[in-house]
1. What order do you get for SER93, SER130, SER20 when you list them from fewest to most C-beta neighbours inside 10 Å?
2. Would you mind pulling out the separation of the Cα centroids of segment 21-73 and segment 127-142, in Å?
3. For ARG138, which sequence-distant residues (separation of 5 or more, or a different chain) have an amide H within less than 5 Å of its own amide H, given hydrogens modelled in the peptide plane?
4. Can you return the aspartates and glutamates within cross-link range of LYS6? Criterion is Cα-Cα under 17 Å, with same-chain partners fewer than 8 residues away left out.
5. Let me spell out the model: positive unit charges on the Cβ of Lys and Arg, negative unit charges on the Cβ of Asp and Glu, origin at the Cα centre of segment 1-46. What dipole size does that give, in debye rounded to 20?
6. Give me LEU26, LEU11, LEU121 sorted ascending by neighbouring Cβ count inside 10 Å, so fewest comes first.
7. Give me the number: length gained by fully extending VAL135 to LEU33, i.e. 0.36 nm times residue separation minus the C-alpha to C-alpha distance, one decimal in nm.
8. Please order LYS6, LYS30 by the number of other Cβ within 10 Å, starting at the fewest.
Amino acid sequence: MTIDAKPGTLLQFDYCVTDSQRLADLIGIKADLEAAIRYCDLHIEIDPTEPGIAVDEMSRREHTRQALCRAALVVCGSGVRSGLGDEHVARLSIDGRNLHVVVKPLRDKWVAHAVNHFEDLRVRIDVDVSTDGVVKIRGVSTAAHSVGGFVRA
């Protein structure tokens, strides 16, 4: 295959087949779980019972802890992605499986789904173009983009 592009140009093509969507789902799940871990770490660091803090500060910290808890649960699964699947859950440690059995239903009952149409996860084929226009596959990459958030105003 040849292509009309400048030598040394990196091109990316979306690779949209069932297997690539599963890879995109797993990349998204990994990112979600890493975010959930960060939220839990922050939750643990915030102590609303620290001696000497004002009542307003205690309330603010507890509110922040609840928000972090909900945020962690929101990113722990979705109705849009295909989910971990039984084969991945089975590979967890016993503690991990027990935690999954508790967290997943709690998340489904307590909070809304975080994954939505504002999230875009794609698998791409990366190719190089040689000086004579020949295309050579470099590898596979993933790209994630989401839109949304809060502003102070």
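Taken together, the values in this text are just the output of simple stated rules run on the coordinates, not laboratory data. What you see is a predicted model; the values in this text were computed from it and never measured. Glycine also receives a Cβ, built like all others from the backbone with ideal geometry; neighbour counts cover every protein chain displayed.
1. Working: SER93 8, SER130 14, SER20 17.
So the ranking, lowest neighbour count to highest, is SER93, SER130, SER20.
2. 42
3. Result for ARG138 returns ASP126, VAL127, ASP128.
4. ASP126, ASP128, ASP132
5. Values: 4 positive and 8 negative charges, 31 e Å.
Its charge dipole is roughly 140 debye.
6. Numbers: LEU26 18, LEU11 14, LEU121 21.
With the fewest neighbours first, LEU26, LEU11, LEU121 line up as LEU11, LEU26, LEU121.
7. Numbers: separation 102, 0.36 × 102 = 36.72 nm, distance 3.64 nm.
Full-extension gain reported as 33.1 nm.
8. On the way: LYS6 8, LYS30 11.
Least to most surrounded, the residues fall as LYS6, LYS30.
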